[in-house]
Amino acid sequence: MQQVDAIVAGAGIWGCVVARVLAEKGRKVLVLEKRPHVGGNVRCETDPETGIEIHVYGSHIFHTHIDRVWDFVRRFVEFNGYQHKVLARHAGKTYFLPLGLTLVNQFYGLDLTPAELPAFVAAESAKGFAGGRAPANFEEQAIAFIGKPLYDAFIREYTRKQWGTDPRNLGADVIRRLPVRASYDVNYFPDYRQGIPLTGYNSLFDRLLDHPNIMLECNVDWLAWRNKSLIASRQPLTFYSGPIDALFGYKFGPLPWRSLRFEQERVPTVDFQGTSVVNYTDADVAFTRIHEFKHYHPEDAAAMSAPSTIICREYPQAWKPGDEPYYPVDTPESRERLALYQAETAKMPNLVVGGRLGEYKYYDIDRSIDRALEVASNEVL
Ligand SMILES: Cc1cc2nc3c(=O)[nH]c(=O)nc-3n(C[C@H](O)[C@H](O)[C@H](O)COP(=O)(O)OP(=O)(O)OC[C@H]3O[C@@H](n4cnc5c(N)ncnc54)[C@H](O)[C@@H]3O)c2cc1C
C-alpha cells in the first residue's frame, strides 16, 4: 500500500470534510468507506424517469448560521435558495408549522397580533399545567410551554410515533425549548442561509474528495481492514466516523438508536401534496411524514413538470443491531454507556472519533462540517 499520512474511515460529510482539509494541508489521505458509495446519510439517487433527486435516507435541507461553514461549503457547490416549510395534517386539515401566529390563529380561529400572542399562549399553558413544581416528563413540559390543545393536536401522537413510547415516559429534558414565533414567518429553519445544492448533494461529496492527495476505496469496512492491514504495526493517524460502540466490539453493550423505515412510491401525478414535507400528527396514521422530493428543486422545470412524482412515507421503528441507526436515544443509561466508550477512545492516541455515529449525537449537516473543520485544523501529524 502506498504510504499515507492519515486514514479517514467513513465518507459521510464529517469524513469528507476532514479528508479535504488534510489534503489541502499537503497530507496524503486514504478514505475508506464501508458502503458502495460516499455521502453517508446525505446520499441521494436520481430517478431515471423524471430526474428527481431522491434523498435516500430522508430529506436533507442544508441550513446554517455559521459563517465559516457557509464559506467552506460554497467553494464546492452553489445552493438553489430553497427555503424549507413544513405543513402538518391534523383532523383532516392542513396547518403551517412551526408554532407561530399562522398556526395559532388558524387552529383557534383567532386573529391575534404579534403583541397579543405571548399572553395568549401563557394563559393556555397555565390552564394546562398549574406549575408550583418542575414538569415531571415530556408531556408536562410541552404543555407548560404551549398549552394542552396545541400539544394534543400537533405534538402528542407525533412524539409517540417518533419515539415508540407514551410521551409521559420521556424525560422533561428531552424538550428543552418549544418556541412559539410571534410572527407569520413559516420558514421552518431560522437560518436565512439555506438550500439544496443546485448540482445535487452527491456532487458536493464528489468535489470534496476530488483532490490529488485523496485516495478513496469504497466497500471497505475499516474495522475489519485495520486488523489485517500490512501497516497494522504502525497505523497512521485515523479519523473514524463509524459507531463508537462498534469500535470496541460492543463490549459495554450496544448504544440504543431509533430507526426509520422509508417506503417510496411513484405516483402518476404532477404534484402529490404541493410541498416537500407534510407531518402527520394523528394516531390513526402510522407514518410521521410524507416527503415529496421534486419540491426541493423548484428551479428544475423538467422535474417539476414531470407527469409523475416520487413520494416517501417515513415510519419510525425500533432499532436492533444491524438496522440503520438514525436518532441516538438519550437516557441516563445510554449516557453512562457512552462515557465508558469515550474513556476507551481516550486511551488510543492515534485515533480521532467523530461524526454523528462516533459522537453518538444528532448533528445537522452544518454542525457536522463545523466539527470536521475544527478537528482537521487542530490535528498534529
Ligand atoms: C432522518 C434524518 C434527517 C436529517 N435531516 C437533516 C436536514 O434536513 N438538514 C441537516 O442539516 N441535517 C439533517 N440530518 C443530519 C445529517 O444526516 C447528519 O448531519 C450527517 O449525516 C452526519 O454526517 P456523518 O458523516 O457524521 O455521518 P454519516 O452520514 O452517517 O456518515 C458516516 C459514514 O461512515 C461510514 N462508516 C461507518 N462505519 C464504517 C467503518 N467501520 N468503515 C468504513 N466506513 C464506515 C458509513 O457507511 C457512512 O457512510 C438528518 C438526520 C436524520 C437522521
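The values are calculated or read from the model by the stated rules, or taken from the named source; none is laboratory data. Everything numeric here is computed off the predicted structure, so don't read it as measured data. Here the Cβ is made from the backbone with ideal geometry for all residues, glycine too, and neighbour counts use every protein chain on show. Quick note on the areas: whole protein, heavy atoms, side chains included, nothing else; ligands and nucleic acids left out. Shrake-Rupley method; radii C 1.70, N 1.55, O 1.52, S 1.80 Å.
What pairs can you find where one residue is in region 172-197 and part of a helix (DSSP H, G or I), the other is open to solvent by less than 70 Å² (accessible area, probe 1.4 Å), and their Cβ atoms are less than 6 Å apart, with a gap of 6+ or different chains?
Listed pairs, sorted by first residue: A172/P135; A172/N137; A172/Q141; V174/F138.
Hey, A19 hits all of (1) of a type in the set (G, A, S); (2) away from the ligand (no atom under 14 Å from the Cβ); (3) not in a strand (DSSP E or B) but one; which does it fall short on?
(2)
Can you tell me which residue within region 125-177, out of those that are charged (D, E, K, R) and either assigned by TED's automatic domain parsing to the domain that holds R335 or at pLDDT below 90 (or both), is surrounded by the fewest Cβ atoms within 10 Å (Cβ to Cβ)? Steps first, answer last, please.
So the first thing to find is which residues in region 125-177 are charged (D, E, K, R), and the list is 127, 133, 139-140, 148, 152, 156-157, 160-161, 166, 168, 173, 176-177.
Remaining after also requiring either assigned by TED's automatic domain parsing to the domain that holds R335 or at pLDDT below 90 (or both): 173, 176-177.
Numbers: D173: 11, R176: 8, R177: 6.
Step by step, filter region 125-177, then rank; the result is R177.
Does any residue of region 368-375 turn out to be open to solvent by less than 60 Å² (accessible area, probe 1.4 Å), more than 15 Å from the ligand (Cβ to nearest atom), in contact with a helix residue (DSSP H, G or I) (Cβ under 8 Å, 6 or more places away or on another chain) and not aliphatic (A, V, I, L, M)? Quick ask: steps written out before the conclusion?
Filtering region 368-375 for residues open to solvent by less than 60 Å² (accessible area, probe 1.4 Å) gives 368-370, 372-373, 375.
In the following step, the residues that additionally are more than 15 Å from the ligand (Cβ to nearest atom) were identified as none.
For region 368-375, residues open to solvent by less than 60 Å² (accessible area, probe 1.4 Å), more than 15 Å from the ligand (Cβ to nearest atom), in contact with a helix residue (DSSP H, G or I) (Cβ under 8 Å, 6 or more places away or on another chain) and not aliphatic (A, V, I, L, M): absent.
Going by the structure shown, is A136 among the aliphatic types (A, V, I, L, M), assigned to a loop (DSSP other than H, G, I, E, B) and closer than 30 Å to S259 by Cβ? Can you show your working first?
Working: among the aliphatic types (A, V, I, L, M): yes; assigned to a loop (DSSP other than H, G, I, E, B): yes; closer than 30 Å to S259 by Cβ: yes.
Yes, satisfied.
Can you spot a residue in region 83-95 that is modelled with pLDDT of 95 or more and over 29 Å from the mean Cα position of the chain (by Cα)?
Taking region 83-95 as the starting set, the residues that turn out to be modelled with pLDDT of 95 or more are 83-95.
Narrowing further to those that are over 29 Å from the mean Cα position of the chain (by Cα): none.
No, that holds for no residue.
Residue by residue, here is whether (1) more than 29 Å from Y360 (Cβ to Cβ); (2) in contact (Cβ under 8 Å) with a residue 12 or more places away in the chain; (3) surrounded by fewer than 19 Cβ atoms within 10 Å (Cβ to Cβ); (4) among the charged types (D, E, K, R) holds:
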| residue | (1), (2), (3), (4) |
| --- | --- |
| P236 | no, yes, yes, no |
| W257 | no, yes, no, no |
| R261 | no, yes, yes, yes |
| E265 | yes, yes, yes, yes |
| P316 | no, yes, no, no |
| D330 | no, yes, yes, yes |
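If you check G274, G358, which single one turns out to be within 13 Å of the ligand (Cβ to nearest atom) and either over 21 Å from G200 (Cβ atoms) or touching a strand residue (DSSP E or B) at 6+ places or on another chain (Cβ under 7 Å) (or both)?
Working: G274 fails: within 13 Å of the ligand (Cβ to nearest atom).
None of the other options fit; the residue is G358.
Looking only at residues that are outside any helix (DSSP H, G or I) and out of contact with any Leu (no Cβ under 9 Å at 6 or more places or on another chain) in region 67-80, which one is surrounded by the most Cβ atoms within 10 Å (Cβ to Cβ)?
Top of the filtered list is R74.
Does region 206-213 contain any residue that is in contact with a strand residue (DSSP E or B) (Cβ under 7 Å, 6 or more places away or on another chain) and within 19 Å of V69 (Cβ to Cβ)?
The answer is yes, given that some residue of region 206-213 is in contact with a strand residue (DSSP E or B) (Cβ under 7 Å, 6 or more places away or on another chain) and within 19 Å of V69 (Cβ to Cβ).
Output the residues belonging to region 18-38 that are open to solvent by less than 10 Å² (accessible area, probe 1.4 Å) and farther than 19 Å from D221 by Cα.
L22, A23
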